[in-house]
2 protein chains.
Amino acid sequence: MTERTADKGATTAQGWKQDPEGVRRDILSVAVSEFAARGLSGARIDDIAARTRTSKRMIYYYFGDKDGLYARALEAAYAKVRHGEENLDLAGFEPDDALARLIGFTFDHHRANPDFIRMVMIENIHNADCIAHSDVIRTLNVAAIDTLSDICKRGVATGVFRAGVNPMQLHWQISALSFFNVSNRPSFSALFGADLFTDAQQNALRDDIIRMVVESVRMTKETLP
Amino acid sequence: MTERTADKGATTAQGWKQDPEGVRRDILSVAVSEFAARGLSGARIDDIAARTRTSKRMIYYYFGDKDGLYARALEAAYAKVRHGEENLDLAGFEPDDALARLIGFTFDHHRANPDFIRMVMIENIHNADCIAHSDVIRTLNVAAIDTLSDICKRGVATGVFRAGVNPMQLHWQISALSFFNVSNRPSFSALFGADLFTDAQQNALRDDIIRMVVESVRMTKETLP
DNA sequence: AGAATTTTGTACTGGCCGGTTAAATTGACG
DNA sequence: CGTCAATTTAACCGGCCAGTACAAAATTCT
């Protein structure tokens, strides 16, 4: 594991047996899981250090302080999500099918990445201060709107979608349904039982919201111009 | 401020000049706001005490410890919400109108009570341990499902709703859209701007999701039996 | 009035935890 | 090997903060 990342901050840039990048990644992955589990103020640096293969001092060496670690952990969580979204190619589908696939993908993806959802929850508790300062995260998400805009434009052009569909609002709706499903699962199952969260019910739910959202933008007799 | 609340937990029930119930309420209302703002581990008992008209000692006297205070604060937040929902009477409306009104009310209500939303977010970060142990909160929420069940039954009976509508799933959808609107507002506006959160846009959004959800349960040619 | 009980204030502590100090180890390079 | 810089370790602070000890009021009972 002596691979090089071409340019790191090193002045003399020659190979090390040790693996600082690996240590960084190790710390970050533990940090994401720990922050996601316990929140920003609830997470303990000592606990993170204990689950790392390095020491507490290294966390401060690489990340400065707790807030710095949190900021990088949040970016790491978003970066991992982007990696998942890259594999999606919707250009080859009709607008309504493309939209249906995008919704289904988002729903499943959020469901498969609870740590990411929890990081965003925590960030919202803290008024998204961190997200607001991170251009990395912002550009990533604007791309999601672009994808939707494209689908909407095609749909309106071919007449399957009604005019006046707002891509950002559509994104909001898809996010709301997919996000809530993970974020509020604990309270929802505490109050109403866990039935809705079995695999079968989740699949039914996903198909139901796909239908609901797609139909809401589809051209119908009432919405014909 | 020597007003009496008729019956308090007093053993012999005679008048007190002091107002323990008032003190309790005062503490709870500050606690809700402080926990909502900073989370369970982020909130500081000293800060709560400072915003109270009493002292830190009293918090421990009345609520035992921080977790006890949090538990009661959460119940207080839910109780306040119930108070708001009581004024809603949907029996006099046709099923589709009743559903539309319920969705609109929920959306507006959540929007008007961000502290409540944040308490639930925080509770979900902590896996809803507290909600799970509170019968008070559970019974309150089951009532919400009953209301929806009734609307659904009436709707199916009169043929305006398609058969097989699941009230719990419907509640899930309404909650998701109304909850996310408040819970993720910070991250959403950090990423995409605050346009969606102006009064005008919020009203449009509300009407849009009302239309979307109501149409999704309405009987159409395709869903005719 | 005075005893009994509930309510409130002040001052304190113990330990947890974010962050640091100082030194040791590792590798690069001559 | 010696030297420099990058990396790592272990032991240690210092302040914050949940919770408490100890009583002093306040209030009711008799």
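The values are calculated or read from the model by the stated rules, or taken from the named source; none is laboratory data. None of the values given here were measured: they were computed from a predicted structure. FYI the Cβ positions are ideal-geometry reconstructions off the backbone, even for glycines, and counts take in every protein chain you see.
Assorted remarks:
- Among the candidates A:69, A:102, A:90, the residue that is at pLDDT 95 or above, out of contact with any strand residue (DSSP E or B) (no Cβ under 7 Å at 6 or more places or on another chain) and closer than 18 Å to residue A:214 by Cβ is uniquely A:102.
- Checking each residue in the stretch B:181-194 for being more than 7 Å from chain A (Cβ to nearest Cβ) and small (Gly, Ala, Ser) picks out B:189, B:193, B:194.
- Number of the exception - residue B:165 against (1) within 12 Å of another protein chain (Cβ to nearest Cβ); (2) assigned to a helix (DSSP H, G or I); (3) of a type in the set (Val, Ile, Thr): (2)
- Which numbered condition residue A:145 misses (of (1) over 19 Å from residue B:195 (Cβ atoms); (2) in contact (Cβ under 8 Å) with a residue 12 or more places away in the chain): (1)
- Options B:199, B:135; residue that is under 25 Å from residue A:216 (Cβ atoms) and acidic (Asp, Glu): B:199
- Only one of B:116, B:179, B:188 that is buried (at least 21 other Cβ atoms within 10 Å of the Cβ), aromatic (Phe, Trp, Tyr) and under 14 Å from residue A:191 (Cβ atoms): B:179
- If you go through the stretch B:57-70 and pick out every residue that is farther than 12 Å from residue B:26 by Cβ, more than 6 Å from DNA strand D (Cβ to nearest atom) and assigned to a helix (DSSP H, G or I), you end up with 6.
- Residue check for residue B:197: in contact with a helix residue (DSSP H, G or I) (Cβ under 9 Å, 6 or more places away or on another chain) and facing another protein chain (nearest Cβ under 7 Å): no
- Scan of the stretch B:57-93 for residues that are within 16 Å of DNA strand C (Cβ to nearest atom), charged (D, E, K, R) and surrounded by 14 or more Cβ atoms within 10 Å (Cβ to Cβ), ordered by number: B:66, B:72
- Some residue of the stretch B:30-45 being more than 12 Å from DNA strand D (Cβ to nearest atom), over 26 Å from residue A:36 (Cβ atoms), at pLDDT 95 or above and among the hydrophobic types (A, V, I, L, M, F, W, C): yes
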